[in-house]
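The values are calculated or read from the model by the stated rules, or taken from the named source; none is laboratory data. What you are looking at is a predicted structure, and each value in this text was computed from that prediction instead of being measured. Every residue, glycine among them, receives a Cβ derived from its backbone with ideal geometry; neighbour counts consider all protein chains shown. Accessible surface areas use protein heavy atoms only, side chains included; no ligands, DNA or RNA. Shrake-Rupley method; radii C 1.70, N 1.55, O 1.52, S 1.80 Å.
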Amino acid sequence: MRELRGEVIPASARSRAAELARQLREHDYLYYVKDDPAISDAEYDGLRRELEALEQRHPGLISPQSPTQRVGAPRDAAFAPVSHRQPMLSLANCFSEAELDEFLGRLHRALGQVPELTAEPKFDGLAVSLVYRQGRLHSGATRGDGRVGEDVTANLRSMRSVPLQLRCETPPGLIEVRGEVVMPRAGFAALNDRLEAQGLKAFVNPRNAAAGALRQLDPQVTAQRPLRFFAYAIGAVEGWPQAPASPRTHQALMQLLAEWGFVVSDRIDRCVDRAGCVRYYTQIMEQRPELDFDIDGVVYKVNDLALREELGQVARAPRWAIAHKFPAQEAGTVLNAVEFQVGRTGALTPVARLQPVFVGGVTVSNATLHNMDEVRRKDIRIGDYVIVRRAGDVIPELVRVDLEKRPVTASCIELPASCPVCGAEVEQIEGEAIARCSASFRCPAQVKESLRHFASRRAMDIDGLGEKLIDVLVDSGALATAADIYRLGLETLVAMPRMAEKSALNLLQAIEGSKQTTLARFLFALGIREVGEVTAAQLAEDFGDLAALREADEERLKAVPDVGPIVAARIRHFFDDSANWNLLDELIELGVRWPKAQKRRQGGPLQDKLFVITGTLDGMSRDQAKALILEAGGRVSSALSGKTDFLLAGEKAGSKLQKAEKLGVAVLDQAAFMRMLESAS
């Protein structure tokens, strides 16, 4: 036994508590830093509860480094000011290649050369500094004004991507680790959904949400928010250990921080010249929509830490780094008017007509408003000063209204009583957010949109039958239904504006080629409400042919995976319409055909098990593997998700293999897959 703080603690309890703390820290590291959990949530919870019980029996075991102390620190009345040992400098910005050239020129003049640089994403979050003493987290603060920040130590302790203790035997006596607190996009969306469900105000963007979470007075609230810390620099250091020696480059420093337990960007790269910088910038900007966190540019840094010391800094920024910013993705402008567009299912979508504004690298004059519920929720009015967002290739969206700039002449947006295209009555079913034109295919707008969908690449894939040509053909009376596409002749096409004979012949060839399709593509092309690509593929697999599907009642349809009562009712409604029956018969008579689909076996040994196939299989095509799965009653999808049961991975499996491991999806190689089929038969 040993005495601590006046308490006699059995050696066995002390030893077990230390071991539990070690295990929990290790599993926190594997789960939150490496994305590679080694135990289940239940096992983790069991270890944590055991440690909590030990600490409850022996309070002397509790220390600030205990995993149980991440949540539950006393509430602060306010955040105390913290002076940074070294200023947390801002970065100078450049917005063009010409300004990048100026930065590289300054480096050349100062050093007689352009040194090797590193490049990394510029996180759009909240900068913080963590102070570690003897390897243990001592304090944490926001950037503030660069010299004085806010003490948010208790909140940072609640984040499991922030190590409470460095993973090294001989840490520096003191070290400041700097980085960014971000909120992943998926977590941001889920958080806003919860807030809205509770009737609370949603956050504007992930950065705003991250800042709000980190400034909570109650650390338990912070702990419930999906925050993540990325390390990207160090500040003051006292007493580097002799082994390993202190790093000499930025890349080595980032590797060392990763070894110590921090999350660092996996997209840090070297740039040996200007071309490398530009290439990296372009690649990251293209990858930006795929990332799970927001970035607003890239940062170039001199890789050699000794050269950084030589270059020094100006008043608020280092001379050895610069941020190459992306074009702004949000900008303010005036909402001049609202028009309503009619889609293929008759849905009326309000579209904002804006005073043109440059955002996301392009000039934007239109933005979607989604539906009238969204208009009312955001209190959008004509004449408002609004904030518009454009991310990647996504349609620009009106994010919010600046109410302080609302003019007295601003007017409310009203849903029209009649269709703006055909004049038919607009209907809105109770409980649905979307209003629809009641004219169905008597409405020219719905006809045009349905034909565009029918001819689109993922449907019948008729190359050359684009939006403008469909508009002209419908307006001229040459097209009224999808069947009319297969009745088009050369004489009709060459009579259309800007349609030369060669283009017309190419289009006719594409139309003829589209007749040979698959049942899944054909079902998707029909535009049945709620039936997307995945559902169309499931229907084709379950029924095998169109005749069986046409006759299926709602109960039979609901037996198809992912088809619920609403979707079943939509499908049945489509096939109950005699006009649709006539259209299907016409298309088949005009030569549209498909091979008999491989029908999924009902009650097979792999019943309803969902597979995704990736990579190259030995002596077997993916279609052959799919046929084997369907024959055993399984399902096959191209999209990997948490609902996937198995990933069948061949050679060169690629990114899906890593994603499966992160999602906890079981991975089968070809040999294991064949053994599974043999044992199931």
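Miscellaneous remarks
- Segment 463-497, residues that are over 23 Å from Val342 (Cα atoms) and either open to solvent by less than 20 Å² (accessible area, probe 1.4 Å) or free of Cβ contacts under 8 Å to residues at least 40 places away in the same chain (or both): Leu488, Gly489, Leu490, Glu491, Thr492, Leu493, Val494, Ala495, Met496, Pro497
- Of the residues making up segment 234-253, not a single one is within 29 Å of Phe79 (Cα to Cα), open to solvent by less than 30 Å² (accessible area, probe 1.4 Å) and within 27 Å of the chain's Cα centre (by Cα).
- Selection from segment 423-441 of residues that are assigned to a loop (DSSP other than H, G, I, E, B) and free of Cβ contacts under 8 Å to residues at least 60 places away in the same chain: Gly423, Ala424, Gln428, Ile429, Glu430, Gly431, Glu432
- Scanning segment 201-222 for residues that are small (Gly, Ala, Ser) and within 19 Å of Phe79 (Cβ to Cβ) turns up Ala209, Ala210, Ala211, Gly212, Ala213.
- Selected residue [open to solvent by 20 Å² or more (accessible area, probe 1.4 Å), at pLDDT 85 or above and aromatic (Phe, Trp, Tyr)] from Phe262, Phe229, Phe188: Phe188
- Verdict on Ala321 being touching a strand residue (DSSP E or B) at 6+ places or on another chain (Cβ under 7 Å), among the small types (Gly, Ala, Ser) and at pLDDT 95 or above: yes
- Across segment 291-304, the number of residues qualifying as under 18 Å from Arg270 (Cα atoms) and open to solvent by less than 40 Å² (accessible area, probe 1.4 Å) comes to 7.
Okay, residues lined up against (1) open to solvent by 10 Å² or more (accessible area, probe 1.4 Å); (2) in contact (Cβ under 8 Å) with a residue 12 or more places away in the chain:
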position	(1), (2)
Leu104	yes, yes
Gly112	yes, no
Ser129	no, yes
Arg136	yes, yes
Ala141	no, yes
Arg147	yes, yes
Arg178	yes, yes
Val181	no, yes
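- Residues (among the charged types (D, E, K, R) and out of contact with any Lys or Arg (no Cβ under 6 Å at 6 or more places or on another chain)) located in segment 628-663: Arg635, Lys643, Glu651, Lys652, Lys656, Lys659, Glu661, Lys662
- Qualifying residues in segment 381-406 (those that are in contact with an Asp or Glu (Cβ under 8 Å, 6 or more places away or on another chain) and open to solvent by less than 50 Å² (accessible area, probe 1.4 Å)) - the one farthest from Gln287 (Cα to Cα): Asp384
- The one condition in (1) at pLDDT below 90; (2) out of contact with any Asp or Glu (no Cβ under 7 Å at 6 or more places or on another chain) that Ala252 fails to fulfil: (1)
- Among the residues listed as Arg267, Arg344, Arg288, Arg308, the single one being assigned to a loop (DSSP other than H, G, I, E, B) and either of a type in the set (Val, Ile, Thr) or buried (at least 17 other Cβ atoms within 10 Å of the Cβ) (or both): Arg344
- Out of Val531, Val592, Val612, sole residue that is among the β-branched types (Val, Ile, Thr) and under 19 Å from Leu630 (Cβ atoms): Val612
- Criterion violated by Leu451 - all others in (1) loosely packed, with under 13 Cβ neighbours inside 10 Å; (2) in a helix (DSSP H, G or I) satisfied: (1)
- When we screen Phe203, Phe188 for residues that are in a helix (DSSP H, G or I) and in contact with a helix residue (DSSP H, G or I) (Cβ under 6 Å, 6 or more places away or on another chain), the only hit is Phe188.
- Scan of segment 525-544 for residues that are part of a helix (DSSP H, G or I) and not charged (D, E, K, R), ordered by number: Ala525, Val534, Thr535, Ala536, Ala537, Gln538, Leu539, Ala540, Phe543
A quick yes/no check of all residues on (1) touching a Lys or Arg at 6+ places or on another chain (Cβ under 9 Å); (2) small (Gly, Ala, Ser):
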position: Arg381; (1), (2): yes, no
position: Asp384; (1), (2): yes, no
position: Ile387; (1), (2): yes, no
position: Arg400; (1), (2): yes, no
position: Glu404; (1), (2): no, no
position: Ser411; (1), (2): yes, yes
position: Glu414; (1), (2): no, no
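- Criterion (crowded, with 20+ Cβ neighbours inside 10 Å and touching a Lys or Arg at 6+ places or on another chain (Cβ under 9 Å)) met by exactly one of Leu557, Leu539: Leu557
- The C-beta contact set for segment 534-550 (first residue on the phi > 0 side of the Ramachandran plot and in contact (Cβ under 8 Å) with a residue 40 or more places away in the chain, second residue among the aliphatic types (A, V, I, L, M) and open to solvent by 10 Å² or more (accessible area, probe 1.4 Å), distance under 9 angstrom, 6+ apart or interchain) comprises Gly544/Ala597.
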